[in-house]
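Coordinate-derived values only; no laboratory data. All values reported here derive from a predicted model rather than from experimental measurement. Every residue, glycine as well, gets a Cβ built from its backbone with ideal geometry; the counts of neighbours run over all protein chains shown.
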Amino acid sequence: MGVVVKRYKDTKLKELVDTETGEIIDTSELGLIQRASTGEISISSKTYAYLDTNVLSNLIKIGIKQVDLALLITLSSNLLIGCNVCMKDENDPHTTSSIAKLIGNSDQAVKIKLNRLLKLKALHYGILKENKRLGKVYIINPHIIRKGLKFKASLGIIFM
C-alpha cells in the first residue's frame, strides 16, 4: 500500500489580529505562513502503472474476455520502465512458460490467451530494437497500460 499524506495549502500572512485588544499587527515583513488543510489526501507509491480508462472501455466494448483483461493487468505488475516489457524479475523477461506458472495455467491455455491479446493489439511479441539483448519479449501496448512517461521510439512504430 502507498503512503497517505494529508494535503495543505500555505498562504502568506500579511497581518494578525490580537483577539483581546483588536489591534491589527502588520506581519508582511516577517514571512509568516498559515497552513490550512485542503480536505484532500495524496497517496504515493514507488511502483505504479497508468491505465487509460478510455481505451479500457473500448476494449470492453469490442469484447475483450475478462480472463484476458485479468492476464493483461497481471502482466503489468512488473513492466520495464520506458519500454513496457513484461518482466519475470529484474533481469529476465516473461516467457509463455513463466506466465503459465505465474497464473497457474498450462502453457497451451496461456498461449491461447496471449494470442487473443496479440490479436487485439493489447500486446506485442517480438524483439524491441533498443533492447535486443532481451530477445523476443511480450510488450504491453502503452496506449492501454504504461509504466513511466517516456518510452523508446520503437514503441510508437509497434503500436501505431
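Thinking of region 1-78 as a set of Cα atoms, what percent of all their pairs are more than 21 Å apart? Write down the numbers at each step before the final one.
On the way: 1854 of 3003 pairs.
Within region 1-78, distances greater than 21 Å cover 62 percent of Cα pairs.
Close amide H partners of VAL85, meaning residues 5 or more places away or on another chain with modelled amide H under 5 Å apart, are LEU80.
Note that region 87-104 has calculated 3J(HN,Hα) couplings of 10, 7, 8, 4, 10, 10, x, 5, 10, 4, 5, 5, 5, 4, 5, 4, 9, x Hz, one per residue in order, obtained from phi through the Karplus relation 6.51 cos²θ - 1.76 cosθ + 1.60 (θ = phi - 60°); glycine and proline are x.
Taking amide H positions as modeled 1.01 Å from N, with prolines and chain starts lacking one, the residues under 5 Å from ILE127 and 5 or more places away or on another chain are VAL137. Amide hydrogen proximity for LEU13: with H placed 1.01 Å from N in the peptide plane, the residues at 5 or more positions away or on another chain lying under 5 Å are LEU32, ILE33, GLN34.
Over region 46-133, what is the relative contact order in percent, taking alpha-carbon pairs closer than 8 angstrom and at least six residues apart?
Details: 41 pairs, mean separation 16.0, N = 88.
Relative contact order, region 46-133: 18 percent.
Net charge dipole, the chain: roughly 1580 debye, given to the nearest 20, about the Cα centre with Cβ charges of +1 for Lys and Arg and -1 for Asp and Glu. A simple rule links phi to the HN-Hα coupling: the Karplus curve 6.51 cos²θ - 1.76 cosθ + 1.60 with θ = phi - 60°, which for region 121-135 gives 6, 7, 9, 10, 10, x, 8, 7, 3, 7, 10, 4, 4, 7, x Hz, with x for Gly and Pro. As a calculated quantity, the FRET efficiency between VAL3 and TYR125 at R0 = 35 Å, using C-beta atoms, amounts to about 0.45.
Are there trypsin sites (Lys or Arg not before Pro) in region 1-110 that DSSP puts in a loop and that have at most 16 other Cβ atoms within 10 Å, and which ones? The partial results should precede the final answer.
Numbers: sites: LYS6, ARG7, LYS9, LYS12, LYS14, ARG35, LYS46, LYS61, LYS65, LYS88, LYS101; in loops: LYS14, LYS46, LYS65, LYS88.
Of the trypsin sites (Lys or Arg not before Pro), the ones in loops of region 1-110 whose Cβ has at most 16 other Cβ atoms within 10 Å are LYS14, LYS46, LYS65, LYS88.
For the chain, what does the relative contact order come out to in percent, with C-alpha contacts under 8 Å and a separation of six or more?
Values: 215 pairs, mean separation 33.9, N = 160.
So the answer I get is 21 percent.
Placing +1 on the Cβ of each Lys and Arg and -1 on the Cβ of each Asp and Glu in region 26-160, which of LEU155, ASN115, PRO93 has its Cα farthest towards the positive end of the resulting dipole? Value: ASN115.
Taking a ≥ b ≥ c as the square roots of the Cα gyration tensor eigenvalues, with a/c under 1.5 meaning rounded and otherwise prolate when a/b beats b/c, else oblate, which class fits region 64-117? Intermediate values should be presented prior to the final figure.
On the way: a/c = 2.14, a/b = 1.39, b/c = 1.54.
Judged from the Cα gyration tensor, region 64-117 comes out oblate (a/c at least 1.5, b/c at or above a/b).
From the square roots a ≥ b ≥ c of the eigenvalues of the alpha-carbon gyration tensor of region 49-160, which class results: rounded (a/c under 1.5), prolate (a/b over b/c), or oblate? Oblate is the answer for region 49-160, as a/c is 1.5 or above yet b/c matches or exceeds a/b.
Can you compute the FRET efficiency between ARG133 and TYR50 using 1/(1 + (r/R0)^6), with r the Cβ-Cβ distance and R0 = 22 Å? Round to the nearest 0.05. Before the final figure, lay out each step's value.
Details: r = 26 Å, r/R0 = 1.19.
Computed FRET efficiency for ARG133 and TYR50: 0.25.
Sequence-ordered 3J(HN,Hα) estimates for region 54-69 from the Karplus curve with 6.51, -1.76 and 1.60 and θ = phi - 60° stand at 5, 5, 4, 4, 5, 4, 5, 5, 7, x, 4, 6, 4, 5, 6, 5 Hz, glycine and proline given as x. Calculated on the Cα set of region 16-56, radius of gyration then Dmax: 21.8, 62 Å.
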